[in-house]
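Asker: Structure in structure tokens, see below.
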Amino acid sequence: MVHYGHSNQLRQAKGMGDYLIVGVHTDAEISKHKGPPVFTQEERYKMVRAIKWVDEIVEGAPYVTTLETLDKYNCDFCVHGDDITLTVDGKDTYEEVKREGRYRECKRTQGVSTTDLVGRMLLMTKAHHSNMDNPDYQQHTDNFGKVSRMGYILVKICHSPWTGVSQFLQTSQKIIQFASGTEPQPGDTIIYVAGAFDLFHIGHVDFLEMVYKQAERPYVIVGLHFDQEVNRYKGKNYPIMNIHERTLSVLACRYVSEVVIGAPYAVGKDLLDHFKVDLVCHGKTEVFPDKDGSDPYAEPRKRGIFRTIDSGNNLTTDDIVQRIIENRLQFEARNQKKEAKEMAVIEAMKKREQQDQSEAAAQAAH
């Protein structure tokens, strides 16, 4: 998957240099080393291109990063998170570049990973955006990965600090780091869109790109509905990502200038006047009525500033969840395999540390 944890890694990486090139692996490479990808390689190429800190992408980048690859694209160094990436046979994929001093590390974003998001979709529990003391949530944060004999209850097996699920903690600093910080300028067309933008995916990217193209100088404001509101009109246990996570996901997109956190469901007079909105857009998806049964877009329609946008992409959050459920056993196997490899590395690191301590103690005794 492509999520705000990746965006945060790319933001940190861009801060270390001047020009950021992102290598994206093929489906075949990911399947071989990690397990089935959630999005296709074409979807991932487009999603990574849409992250605002990315200058260029390399399609079909090799899974093991070598000096030859860095030199081919004139890169001074490569950057990865502080978790470990292993090949199918358990080797560090950055071993060569680390040895030559052309490797730098950035901090992993706590509280999000592909493993975690896949787990939320498999569990479809409300706990990921409700009371943190809820026993369902505690069971979820204890981790998933192994199917019990009942076939659908996920139980605790994960102990790796990289695969483990941790709670995402939002801070004002994180929002500032992601926000563009730019005000609309005279001559800009202020465009407003609203929605859940849950599990921010290629369908959202295609829609926002089309919205962005509606004007010569667009200033796109995205209104994000609170979790309870999303749950009211989407039902089930949506949203999968909470309001804070969805905020960062949308802010990372290069087509977005500003986000309204907890936007009202009805796009009314106050909102339109406050932001001086020139155009209100909505996709081809169904417009659910407000609590009182009224049309949430009645005011922009009355003003003649409402436009329906066809992005040509019908992918929905439901479709993503469906992909996960259909490939459930493969994803569960993937997470178990990943966990086992990581635990083997941790054990090896512990042994090496103990060995070094023993040798140091022996030398001190002499």
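The values are calculated or read from the model by the stated rules, or taken from the named source; none is laboratory data. It should be emphasised that the depicted structure is a prediction, and the values quoted were computed from it without experimental measurement. Quick reminder, even Gly has a Cβ in these numbers, built from the backbone with ideal geometry, and neighbours come from all protein chains shown. These area figures cover heavy atoms from the full protein model, side chains too; ligands, DNA and RNA do not enter into them. Shrake-Rupley method; radii C 1.70, N 1.55, O 1.52, S 1.80 Å.
Asker: Quick check for you: with a 1.4 Å probe and neighbouring chains kept, what is the accessible area per residue of the range 4-106, in Å²?
Answerer: 49 Å²
Asker: Have a look at the DSSP beta bridges in the range 172-308 and tell me what percent are antiparallel, nearest 5. Intermediate values should be presented prior to the final figure.
Answerer: Values: 0 of 17 bridges.
Roughly 0 percent of the beta bridges in the range 172-308 run antiparallel, per DSSP.
Asker: Also, quick follow-up: Given a 10 angstrom Cα cut-off, can you work out which residue in HIS274, HIS33, HIS80 is the most mobile in a GNM of the chain?
Answerer: Ranking HIS274, HIS33, HIS80 by mean-square fluctuation puts HIS274 first.
Asker: A further question follows. Specify the inter-centroid distance of the range 252-271 and the range 40-65, based on alpha-carbon positions, in whole Å.
Answerer: Centre-to-centre (Cα) distance: 27 Å.
Asker: Could you give the angle, 0 to 90 degrees to the nearest 10, between helix 202-212's Cα long axis and the longest principal axis of the Cα atoms of the chain?
Answerer: 50 degrees
Asker: Please report the antiparallel percentage of DSSP beta bridges with both residues in the chain, rounded to the nearest 5.
Answerer: So the antiparallel bridges in the chain amount to around 15 percent.
Asker: Something else now. Normalised by the residues of the chain, what does the relative contact order come to in percent, with Cα pairs under 8 Å and at least six apart?
Answerer: 18 percent
Asker: Sticking with this structure for a sec: Of the listed pairs LYS34/LYS72; LYS14/LYS52; LYS91/LYS350; LYS14/LYS213, which have alpha-carbon separations greater than 20 Å here?
Answerer: The pairs that break the limit, which is 20 Å between Cα atoms, are LYS34/LYS72; LYS14/LYS213.
Asker: Measure nothing but the geometry: give the 0 to 90° angle between the long axis through the Cα atoms of 4-14 and the longest principal axis through the Cα atoms of the chain, rounded to 10°.
Answerer: 70 degrees
Asker: In terms of the Cα gyration tensor, with a ≥ b ≥ c the square roots of its eigenvalues, is the range 1-72 rounded because a/c is under 1.5, prolate because a/b exceeds b/c, or oblate?
Answerer: On the way: a/c = 1.91, a/b = 1.22, b/c = 1.56.
Oblate, because a/c is 1.5 or more while a/b does not exceed b/c.
Asker: Related question: Do any chymotrypsin sites (Phe, Trp or Tyr not before Pro) in the range 1-82 lie in a DSSP loop with no more than 15 other beta carbon atoms within 10 Å, and if so, which? Let's see the in-between values first.
Answerer: Working: sites: TYR4, TYR19, PHE39, TYR45, TRP53, TYR63, TYR73, PHE77; in loops: TYR19, PHE39, TRP53, TYR63, TYR73, PHE77.
For chymotrypsin sites (Phe, Trp or Tyr not before Pro) across the range 1-82 that sit outside H, G, I, E and B with at most 15 neighbouring Cβ atoms in 10 Å, the list reads TYR19, TYR73, PHE77.
Asker: Can you tell me, using C-alpha contacts under 8 Å and at least 6 residues apart, the relative contact order of the range 4-106 as a whole percent? Provide the component values of the computation, followed by the final result.
Answerer: Details: 123 pairs, mean separation 29.1, N = 103.
28 percent.
Asker: Mind ranking PHE226, PHE288, PHE200 by accessible surface for me, highest first, 1.4 Å probe?
Answerer: Per-residue accessible area, sorted high to low, gives PHE226, PHE288, PHE200.
Asker: Still on this structure, I have one more. Rounded to the nearest 5, what % of DSSP beta bridges with both residues in the range 4-106 are antiparallel? Let's see the in-between values first.
Answerer: Values: 1 of 9 bridges.
Percentage antiparallel, nearest 5: 10.
Asker: Taking all protein chains in place and a 1.4 Å probe, what share, in percent, of the accessible surface of the range 1-116 do carbon and sulfur account for?
Answerer: The computed percentage sits at 45.
Asker: Here is a follow-up. Using alpha carbons only, how many degrees (0 to 90, rounded to 10) separate the axis of helix 328-365 from the longest principal axis of the chain?
Answerer: Between the helix axis and the principal axis of the chain, the angle is about 40 degrees.
Asker: Which residue, ASP319, ASP188, ASP270, tops the fluctuation ranking in a GNM of the chain built on C-alpha contacts under 10 Å?
Answerer: Evaluated over the chain, the most mobile residue of the options is ASP270.
Asker: What's the longest piece of the chain with no exposed GluC sites (Glu not before Pro), counting a site as exposed if DSSP puts it in a loop and it has at most 15 other beta carbons within 10 Å?
Answerer: 101-215
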